[in-house]
Amino acid sequence: MADGSGSGVLRLLNGQRIVDALFAAHPTRISRAGIARATGLSKPTVSALVADMESAGLVRVSDESPSLGSIGRPAALYELVPTARHSLAADIGATKVLVGVSDLFGALIAEREFTAGPDARTTLNRLTAAAAELLRGIADGCQAVCVGVPGIYRPDRDRVEQALNLPGFEDLALHSWLAERFDARVHVENDVNLAALGELTQMGDEPSAGDFAAVSVGTGIGLGMVVGGDLYRGGTGSAGELGSLLLSAPRAGVAPVTLEDAASAPRIRKRFGQAIEDGCRSRLDADADLPEIFEAATTGDEAATRVLDEAATAMALAVSHLCLIADPTRIVFGGGVGANPVFVEAVGDRLRRLVAEPPELTASTLGRRAALIGAVSMSLRLIHESLVVEILGDQQ
């Protein structure tokens, strides 16, 4: 490990600047002179540190370096080695689990989807088995693990709460459980928060990427917020429980109506069947699936139009509160309901009646992979935080 001397700390700081420059240059390659210009470091300092990183397997001379037959002494072009580090990312859902292995640049090199178990422990055991198979053949294994969970994760208690669709988390110290099974840095995060990170990755350098919200509408309803380019979790880590937002005031003997009671996938299906029972005309069967219902609504189907109007009105009301409080520049809708363009357009139509300057509403293009991509992004952050210390600190 690095000592506490000024020279040791300076070496790590300079190394971090070089690694940052190499990441910024990717996928193009950069010479030592180019690194010196990008970092402001002297050429001898750059040469010494690059040599150390090369010997440690983090940096290599690119195959695209000029050939020796060119006029004058060719400048070697350097790049980070993608296989120098790997991370494991997983999104645990109520019925399905996505798990993947990514390289140093976040490219997924292997992934798998499998059915969740009846409880959290069974699902996690299946996850570790799938991870072991995906990591087979990678000599150094993974150096970071990020797992998304369908509930509120309390890091101070190491517990997942309110994961109603996958029981068994309440008695499980999840971070400790994962740390015992993976020799890596571990991070546990709410799945909708990770979906927001996935959308942030998709946006890249777009102006709206700094402040936006991701709303997942499916079996449940959740919210992930990005403020200033970072996740906003709230004071206790439970920010984003949009589905629990009350749409009616509590009254004695009457259960209040929440957003999930009005706009979740199960509720929309139930209301569609009730609409037909109430005499609304429809060309669809009462047990029609959501895409069929939304498509029928665009053609004037009476029952489908009614339930779309109810769900979209409830969602627009909830989103109007979000706009007045947080003022996001964009809201990305995901999930089985939210990612449907018909639903998003209907919410937008109603939101414009409630908010003077509504944000841009878009349907996610990442589908079920949003949280997995966000988990990859988070695991890469863990790797970047420790990469230089691990490489250069061991050479002190």
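The values are calculated or read from the model by the stated rules, or taken from the named source; none is laboratory data. Predicted model, so just to flag it, every value in this text is computed and none were measured. With ideal geometry, Cβ positions are generated from the backbone for all residues, glycine too; neighbour counts draw on all protein chains shown. SASA here: full protein model, heavy atoms, side chains in, ligands and nucleic acids out. Shrake-Rupley method; radii C 1.70, N 1.55, O 1.52, S 1.80 Å.
Remarks
- Helix 302-326 axis, angle to the chain major axis (alpha carbon atoms, nearest 10°): 50
- Extension gain (nm, one decimal) between residue 161 and residue 295, 0.36 nm per residue minus Cα-Cα: 44.7 nm
- In the chain, the longest principal axis of the Cα atoms and the axis of helix 265-277 are about 20 degrees apart.
- Residue 238 paired with residue 48, simple spin-label distance in nm, labels 7 Å along Cα-to-beta-carbon: 5.4
- Taking the stretch 160-273 and dividing mean pair separation by its residue count, relative contact order in percent (alpha carbons under 8 Å, at least six apart): 16
- Computed on the stretch 89-226, with alpha-carbon pairs under 8 angstrom and 6+ residues apart, the relative contact order is 19 percent.
- Label point distance in nm, residue 246-residue 24, each placed 7 Å from Cα along Cα→Cβ: 5.1
- Rounded to 10°, Cα long-axis angle of helix 341-351 versus longest principal axis of the chain: 70
- Phi angles of the stretch 370-383 translate, via the Karplus equation with coefficients 6.51, -1.76, 1.60 and θ = phi - 60°, into HN-Hα couplings of 4, 5, 5, 5, x, 5, 4, 4, 5, 5, 5, 4, 4, 5 Hz per residue; Gly and Pro are given as x.
- Distance between modelled label sites at residue 183 and residue 390, nm, 7 Å Cα→Cβ extension: 1.2
- Accessible solvent surface per residue of the stretch 267-395, calculated while the other protein chains remain in place, 1.4 angstrom probe, Å²: 46
- Computed over the stretch 316-396: relative contact order in percent, which uses C-alpha pairs under 8 Å that are six or more apart: 33
- Length gained when the stretch residue 60-residue 352 is fully extended (0.36 nm per residue, less Cα-Cα span): 99.7 nm
- DSSP finds beta bridges in the chain, and of those with both partners inside it, around 60 percent are antiparallel.
- Between residue 136 and residue 119, residue separation times 0.36 nm minus the direct Cα-Cα distance comes to 3.5 nm.
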